[in-house]
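The values are calculated or read from the model by the stated rules, or taken from the named source; none is laboratory data. Just so you know, these numbers come straight off a predicted model, no measurement behind them. Note that each Cβ is placed from the backbone with ideal geometry, even for glycine, and that neighbours are counted across all protein chains shown.
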Amino acid sequence: MEAKISAKDRFKLKQFIKELVTFKGRHTELVSVYIPQGYDMNKIMTHLSQEQGTATNIKSKATRDNVISALEKMIQHLKLYPRTPPNGLAVFAGNVAEREGQQDYQVFSYNPVIPIKVRIYRCDKEFVLDPLQEMVEEREIYGMVVFDRRDAQLALLKGKTIMPLSKTHSEVPGKFRAGGQSAARFSRLREGAIKDHYKKVADYMKEEFLHMKDLKGILIGGPSTTTTDFINKDYLTGDLKKKIIAVKDLSYTGDFGLQELLDRSADVLAKEEVAKEKALMQDFFEKLSTKSEFVTYGKDAVMNAIKMGAAETILISEVVEDDIVEQFEEAANKTGSKVEIISTETREGVQLRDMGKIVATLRYPIS
C-alpha cells in the first residue's frame with residue numbers, strides 16, 4: 001500500500017518548503033542533498049567530502065568559500081545521524097545572508113514521513129525542492145488508456161506519476177490483403193479483428209478500473225476515429241462510461257502516448273480539482289439552506305464543533321493565516337474530522353472568503 005502523508009504532516013512540510021523557497025544564492029552555492037530510503041549514510045559523507053575538494057577549484061573566492069562552508073555545515077549536521085532515517089533524509093545548506101558580503105551559514109533538514117526514492121546532490125542558486133513538492137501534492141488517482149487499432153496500454157496517474165498497468169496487441173491485419181483473398185473476405189477479417197481488439201481493451205478496463213475504490217476518472221486517448229468508434233459502440237458498460245472524463249486525439253500510443261495524454265489532459269485535471277472544491281462548497285450551502293442545524297461557521301464556532309467531535313468536514317479559505325490552519329488541522333486530526341483548503345478561484349470560494357473564511361458541516365446538530 002502506498003504511504004500517505006497526513007494533513008498535519010502535509011501542512012508542516014508546506015511550511016518547511018515555504019521557508020526554503022525564500023533563500024536565493026548569488027551563484028551556484030546553495031547545496032541540496034536527498035538521501036533515499038536505505039542508502040548508506042557513510043557513502044553520502046564521503047561524497048560530500050570529495051565535493052569539498054572539488055570546490056577548491058571554483059574561480060570565484062566568494063562562491064568557493066560559500067560552497068565549501070555549506071558542505072562542511074552539512075557534513076557536521078549529518079554526523080548527528082548514526083544511520084539513515086527509515087524514510088531517508090533531505091538536507092539543505094548554504095549562506096542565506098540577505099546582503100552580499102555577509103555570512104549566515106544555515107543547515108535545514110527534513111525527516112520525511114513517506115520514503116524518499118531519489119538520490120540528489122546539487123549546488124544551485126536555489127534549493128532543489130521538487131521532490132518535497134511532490135510529497136505535498138494531493139495524489140488523486142486517474143485511469144489512463146491509450147490505443148489505436150493495433151495496440152493498447154493502460155496505466156494509473158497518481159499526481160504527476162504515470163504507473164503502467166497492462167498492454168495488449170491486436171491481430172488486426174495490415175491494410176493490404178494477401179494475393180488470392182477477396183476484398184470482401186479481407187474486410188470481414190479485418191473488421192472482426194478490430195472488434196476483438198476493442199472487446200479486449202474493454203475487458204482490461206473493466207478488470208483494472210471498474211472496482212477501483214479511489215479512482216477519480218478515466219482519461220482515454222488515441223486517433224479520433226478509433227476512440228469515437230470504441231466509445232460509441234457497446235464495448236463498455238455504463239458504469240465504465242460514466243467514469244470517462246476526457247477523450248483526447250493523440251499522435252502516439254505506448255509510453256509516448258501516455259505522456260501525450262497527460263499533457264493534453266492538463267486542462268481537464270485542473271477543472272476536476274476546481275469541481276471538487278465547488279462540490280464541497282455546494283454541499284455546505286445546500287445544508288445551510290435546508291438543514292442549517294448540520295452546519296456551523298466562524299472561527300470560534302467551528303473550533304468548538306471540532307472539540308465536541310461534531311465536525312465532519314472543515315472548509316477553510318486559502319487566505320487564512322498558516323498558523324490558524326495548523327491549529328484547525330491539529331484539532332481535526334484528534335477527532336477524525338477532515339480539513340479541506342478552498343481556493344478563491346470559484347464563486348463559491350469567494351463566498352467562503354466573504355462569510356468568515358472557516359465553515360464546517362456537522363455529523364450531528366449541536367446547540
Across (1) touching a Ser or Thr at 6+ places or on another chain (Cβ under 7 Å); (2) without any contact (Cβ under 8 Å) to a residue 40 or more places away in the chain, residue 240 clears everything bar (1)
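Is it true that residue 269 is over 27 Å from residue 336 (Cβ atoms), outside the structural domain of residue 196 (by TED's automatic domain parsing) and of a type outside the set (Val, Ile, Thr)? Give the derivation first.
On the way: over 27 Å from residue 336 (Cβ atoms): yes; outside the structural domain of residue 196 (by TED's automatic domain parsing): yes; of a type outside the set (Val, Ile, Thr): yes.
Yes, satisfied.
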So, first residue under 21 Å from residue 198 (Cβ atoms) and charged (D, E, K, R) in the range 129-158, second residue part of a strand (DSSP E or B) and modelled with pLDDT of 85 or more, Cβ within less than 8 Å, six or more apart or across chains; the pairs are 148/222; 151/167; 151/168
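Output yes when any residue across the range 198-212 is touching a Phe, Trp or Tyr at 6+ places or on another chain (Cβ under 7 Å), at pLDDT 95 or above, over 30 Å from residue 360 (Cβ atoms) and among the aliphatic types (A, V, I, L, M), and no when none is.
As a first pass, look at the range 198-212 and keep what is touching a Phe, Trp or Tyr at 6+ places or on another chain (Cβ under 7 Å): 198-199, 201-202.
Those left that are additionally at pLDDT 95 or above: none.
The answer is no; no qualifying residue exists.
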The condition from (1) exposed (fewer than 14 other Cβ atoms within 10 Å of the Cβ); (2) touching a residue at least 60 places away in the same chain (Cβ under 8 Å) that residue 323 misses is numbered (2)
Expected single match for among the acidic types (Asp, Glu) and touching a residue at least 40 places away in the same chain (Cβ under 8 Å) among 104, 124 is 124
Of the residues in the range 130-162, those that are small (Gly, Ala, Ser), part of a strand (DSSP E or B) and either under 17 Å from residue 212 (Cβ atoms) or modelled with pLDDT of 95 or more (or both) number 2
Flagged in the range 191-232 as touching a residue at least 60 places away in the same chain (Cβ under 8 Å) and more than 25 Å from residue 158 (Cα to Cα), in numbering order, are 226, 230
When residue 111 is run through (1) more than 24 Å from the chain's Cα centre (by Cα); (2) modelled with pLDDT of 90 or more; (3) assigned by TED's automatic domain parsing to the domain that holds residue 26, the failure sits at (1)
All-but-one check, residue 38 against (1) more than 27 Å from the chain's Cα centre (by Cα); (2) surrounded by fewer than 18 Cβ atoms within 10 Å (Cβ to Cβ); (3) of a type in the set (Gly, Ala, Ser), failing number (1)
Checked 316, 366 against criteria (more than 18 Å from residue 286 (Cβ to Cβ), touching a residue at least 40 places away in the same chain (Cβ under 8 Å), among the β-branched types (Val, Ile, Thr) and surrounded by 18 or more Cβ atoms within 10 Å (Cβ to Cβ)); the one match is 316
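Give me the residue from the range 1-20 that is assigned to a loop (DSSP other than H, G, I, E, B) and not acidic (Asp, Glu) and, out of that set, modelled with the highest pLDDT. Quick ask: steps written out before the conclusion?
Let us first name the residues in the range 1-20 that are assigned to a loop (DSSP other than H, G, I, E, B), namely 1-6.
Those still in the list that are not acidic (Asp, Glu) too: 1, 3-6.
Working: 1: 41, 3: 55, 4: 61, 5: 69, 6: 65.
If we take residues in the range 1-20 being assigned to a loop (DSSP other than H, G, I, E, B) and not acidic (Asp, Glu), then 5 is modelled with the highest pLDDT.
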Practice problem: Confirm whether residue 113 is in a helix (DSSP H, G or I) and either buried (at least 17 other Cβ atoms within 10 Å of the Cβ) or among the acidic types (Asp, Glu) (or both). | Solution: no
Among (1) touching a Lys or Arg at 6+ places or on another chain (Cβ under 9 Å); (2) of a type in the set (D, E, K, R); (3) in a loop (DSSP other than H, G, I, E, B); (4) more than 22 Å from residue 76 (Cα to Cα), residue 99 falls short only on (1)
If we keep only residues of the range 56-78 that are touching a helix residue (DSSP H, G or I) at 6+ places or on another chain (Cβ under 8 Å) and under 18 Å from residue 111 (Cβ atoms), then the residue surrounded by the most Cβ atoms within 10 Å (Cβ to Cβ) is 74
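Does residue 127 satisfy being assigned to a loop (DSSP other than H, G, I, E, B) and either in the same structural domain as residue 26 (by TED's automatic domain parsing) or closer than 19 Å to residue 259 by Cα (or both)?
Values: assigned to a loop (DSSP other than H, G, I, E, B): yes; either in the same structural domain as residue 26 (by TED's automatic domain parsing) or closer than 19 Å to residue 259 by Cα (or both): yes.
Criteria met by residue 127.
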Picked from the range 21-35 (must be hydroxyl-bearing (Ser, Thr, Tyr) and modelled with pLDDT under 95), the residue surrounded by the fewest Cβ atoms within 10 Å (Cβ to Cβ) is 22
